[in-house]
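Since the structure comes first, as structure tokens, the remarks are kept for the end.
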Ligand SMILES: Cc1cc2nc3c(=O)[nH]c(=O)nc-3n(C[C@H](O)[C@H](O)[C@H](O)COP(=O)(O)OP(=O)(O)OC[C@H]3O[C@@H](n4cnc5c(N)ncnc54)[C@H](O)[C@@H]3O)c2cc1C
């Protein structure tokens, strides 16, 4: 749905507010705008909407695990379609009055009057007191023919997500990343038949030794492509014509956070260029929060959801503190009668 205004800030939204305080009731002003409607963003929105905050979720609709038909290791949803789970989440969030906006956020800007302007790619702008970045990350896959089409199916990254489904099968780990040797040692937990195929990463002598000690074969590449039969992975084909038959390929992609919307706001980043947050998801800039894969590449869906919930708790407390301070100042100034609950 659309509940946005354009640059002129003359929004004419429906004004449906569930908040009890703070956020204005105009159609484009929110207590919180959540950017990203994956597990992290939707769980943050659910908690905030149930805390009677006026919330909008802007989502571009491309969760990281969308290529996978099944999601695992999410209690009560093990084996479900990731997109179906998010659909349930969207309905739950809407039930409490949160507004879902299909779109992409280009930029968040500090508003001169306080809070933030959240600028969407079509030019629309939402105003928010606080913003939660829950935009996930991008997996950069090696350019190997046949690989991308199998990503999330027979080409995998996380054994905690899909290792069990390929247990005891012949598995290949592609050597494409400094962590690939460690990934092969990990994958060995799920199958005794693991081959490390080096695709340009190279191996230090100690890594070779460790792989050998765990019974992991090493095959020198480079890889020419992945071959499929009837839509399923058949083998890794090497440039010299050899084939390594396998049921699944694991690889460690290069990952970059989808955090460009916060560029220019001066949030602290770590030495790898990832946003720094406290345990509740606060960035170094007041009012800006970040959760899920946008700040933690290791977060599974349930972890991202938990981070969203934790941030929502802390964020609501911060808003209550702000509102209490404001009301106290007004009260002391004698300008406003406190709104007392009726005596029982
Ligand atoms: C192939 C694969 C399979 C996986 N399988 C599992 C599994 O079985 N179990 C499991 O627990 N985890 C699995 N994961 C990990 C899982 O995908 C992540 O843990 C989870 O998606 C993180 O949730 P998130 O909310 O942080 O980000 P995401 O789910 O990626 O959601 C981010 C959302 O933000 C949107 N977005 C991005 N930028 C913008 C923007 N500028 N404006 C508006 N919206 C934006 C995106 O379109 C997306 O909808 C898998 C990952 C991969 C790669």
Q) Of everything in region 71-103 that's assigned to a loop (DSSP other than H, G, I, E, B) and surrounded by fewer than 16 Cβ atoms within 10 Å (Cβ to Cβ), which residue is farthest from the ligand (Cβ to nearest atom)? A) 76
Q.
So for region 33-42 (the condition being more than 9 Å from the ligand (Cβ to nearest atom), part of a helix (DSSP H, G or I), over 18 Å from residue 298 (Cβ atoms) and out of contact with any helix residue (DSSP H, G or I) (no Cβ under 8 Å at 6 or more places or on another chain)), does at least one residue qualify?
A. no
**Q.** Tally of residues being in contact (Cβ under 8 Å) with a residue 40 or more places away in the chain and under 17 Å from residue 28 (Cα atoms) across region 87-121
**A.** 18
Q.
Among the residues in region 47-54, are any in contact with a strand residue (DSSP E or B) (Cβ under 8 Å, 6 or more places away or on another chain), modelled with pLDDT of 95 or more and either assigned to a strand (DSSP E or B) or more than 18 Å from residue 118 (Cβ to Cβ) (or both)?
A. no
**Q.** Condition broken by residue 274, with the remaining ones in (1) surrounded by 20 or more Cβ atoms within 10 Å (Cβ to Cβ); (2) under 14 Å from the mean Cα position of the chain (by Cα) satisfied
**A.** (1)
Q) Going by the structure shown, is residue 285 assigned to a loop (DSSP other than H, G, I, E, B) and closer than 21 Å to residue 120 by Cβ? A) yes
Q) Would it be correct to say that residue 259 is touching a residue at least 40 places away in the same chain (Cβ under 8 Å), assigned by TED's automatic domain parsing to the domain that holds residue 132 and under 16 Å from the mean Cα position of the chain (by Cα)? A) yes
Q: Quickly run through region 214-250 and pick out the residues that are in contact with a helix residue (DSSP H, G or I) (Cβ under 7 Å, 6 or more places away or on another chain) and assigned to a loop (DSSP other than H, G, I, E, B).
A: 214, 216, 247
Q | Residues of region 283-302 that turn out to be in contact with a strand residue (DSSP E or B) (Cβ under 6 Å, 6 or more places away or on another chain), crowded, with 19+ Cβ neighbours inside 10 Å and over 16 Å from residue 71 (Cβ atoms), as a count | A | 7
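The values are calculated or read from the model by the stated rules, or taken from the named source; none is laboratory data. No experiment lies behind these values; they were computed from the predicted model shown. Every residue, glycine among them, receives a Cβ derived from its backbone with ideal geometry; neighbour counts consider all protein chains shown.
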